[in-house]
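The values are calculated or read from the model by the stated rules, or taken from the named source; none is laboratory data. No experiment lies behind these values; they were computed from the predicted model shown. Here the Cβ positions follow ideal geometry from the backbone for every residue, glycine too, while neighbour counts run over all protein chains shown.
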Amino acid sequence: MERSSVAIVTGGASGVGAATVKALVARGVRVVSVDRAEHQVPGESLAVVGDVVAEATWTKALAAADALGGPPDKLVVNAARLVVGTVLDVDAGGLRETLEVNVVGAYRAVRACLPSMIERGGGAIVTVASTASLVAEQGLAAYCASKGALLQLTRCVAVDHARQGIRANCVCPGAIDTPFFREHVDAAPDPAAFLAKKEARHPSGRILSPEEVAATIDYLLSPPASGINGSAVTVDGGLLASFDFSA
């Protein structure tokens, strides 16, 4: 086990978050999993039920970390909100809700964990954005805006606190087979055709698994990734490396 290794993972009840919790536990890290849904976690870990936007949630999460031997030296910001639509489809309330979870929730997570990381001499932060933080995707105006903001927030944390031993990196997945992605698929007029198109766009010809993203997150949190800071790491099966001229 790494020295005093305690991680907090948001959105840990399902998808990439749940896969990340399992990956960290598998290598001896004790994890506090934060999610709005009731859930169970493996190994020497604890689940905290709460909204990442609420300050009270972070009071509970840090107390849980202390119970595991904390404070945390690792933070994974994975909780997210997806609202489908263009600027004309999504009203101010939908935009505000998306930004609250995807940006404000991330900001509060970092603010909650950063002081103790600095005090102990360093820590690693990984935020989970999206390829939608790097390129625009049709019909996801609010989501793209929020994920772009999350990427820039991560970079700011990296450059502001690198000399205090903090590393902050952003993982940018493409389409991942999670309940979150399925929600997006189900919102399409023809879900089967939409899914087939998504698969065909990837050079790998398939939608990636949550475990593939979790493996990258796990690596970025580990000592061998000590030279990686302020980076946007795509885990997209080659999606952004390609352009389909046949379309």
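Listed values, structure above:
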| read-out | value |
| --- | --- |
| Region 21-52, subset touching a Pro at 6+ places or on another chain (Cβ under 8 Å) and of a type in the set (Val, Ile, Thr), residue farthest from Val103 (Cα to Cα) | Val25 |
| Counted residues, region 88-103 - those being within 20 Å of the chain's Cα centre (by Cα) and either outside any helix (DSSP H, G or I) or without any contact (Cβ under 8 Å) to a residue 12 or more places away in the chain (or both) | 1 |
| Output for region 212-243, where each listed residue is among the aliphatic types (A, V, I, L, M) and more than 27 Å from Arg201 (Cβ to Cβ) | Leu221, Ala225, Ile228 |
| Helices (runs of 4 or more DSSP H) lying entirely in region 145-247 (those with 1 or more residues that are touching a residue at least 60 places away in the same chain (Cβ under 8 Å) and under 20 Å from Ala106 (Cβ atoms)) | 179-186, 210-221 |
| Condition broken by Ala136, with the remaining ones in (1) part of a loop (DSSP other than H, G, I, E, B); (2) in contact (Cβ under 8 Å) with a residue 24 or more places away in the chain; (3) among the small types (Gly, Ala, Ser) satisfied | (2) |
| Neighbours by Cβ (under 9 Å, 6+ apart or cross-chain): first from region 104-121, touching a residue at least 40 places away in the same chain (Cβ under 8 Å); second acidic (Asp, Glu) and assigned to a helix (DSSP H, G or I) | Arg108/Glu55; Ala112/Glu55 |
| All positions within region 180-199 that are out of contact with any helix residue (DSSP H, G or I) (no Cβ under 6 Å at 6 or more places or on another chain) and surrounded by 13 or more Cβ atoms within 10 Å (Cβ to Cβ) | Phe181, Arg182, His184, Ala187, Lys198, Glu199 |
| Subset of region 17-40 [closer than 19 Å to Ala112 by Cα and among the hydroxyl-bearing types (Ser, Thr, Tyr)] | Ser33 |
| Yes/no for Gly93 being surrounded by fewer than 17 Cβ atoms within 10 Å (Cβ to Cβ) and either closer than 17 Å to Leu221 by Cα or at pLDDT 95 or above (or both) | yes |
| Answer residue from region 72-87, given it is more than 16 Å from the chain's Cα centre (by Cα) and modelled with pLDDT under 95 and is surrounded by the most Cβ atoms within 10 Å (Cβ to Cβ) among those | Val83 |
| Filtered residues of region 144-174 (kept if touching a Gly at 6+ places or on another chain (Cβ under 8 Å) and either surrounded by fewer than 20 Cβ atoms within 10 Å (Cβ to Cβ) or farther than 17 Å from Asn102 by Cα (or both)) | Arg155, Ala158, Val159, Ala162, Gln164, Gly165, Ile166, Arg167 |
| Matching residues in region 132-145 - criterion: being at pLDDT 95 or above and not hydrophobic (A, V, I, L, M, F, W, C) | Ser133, Tyr143 |
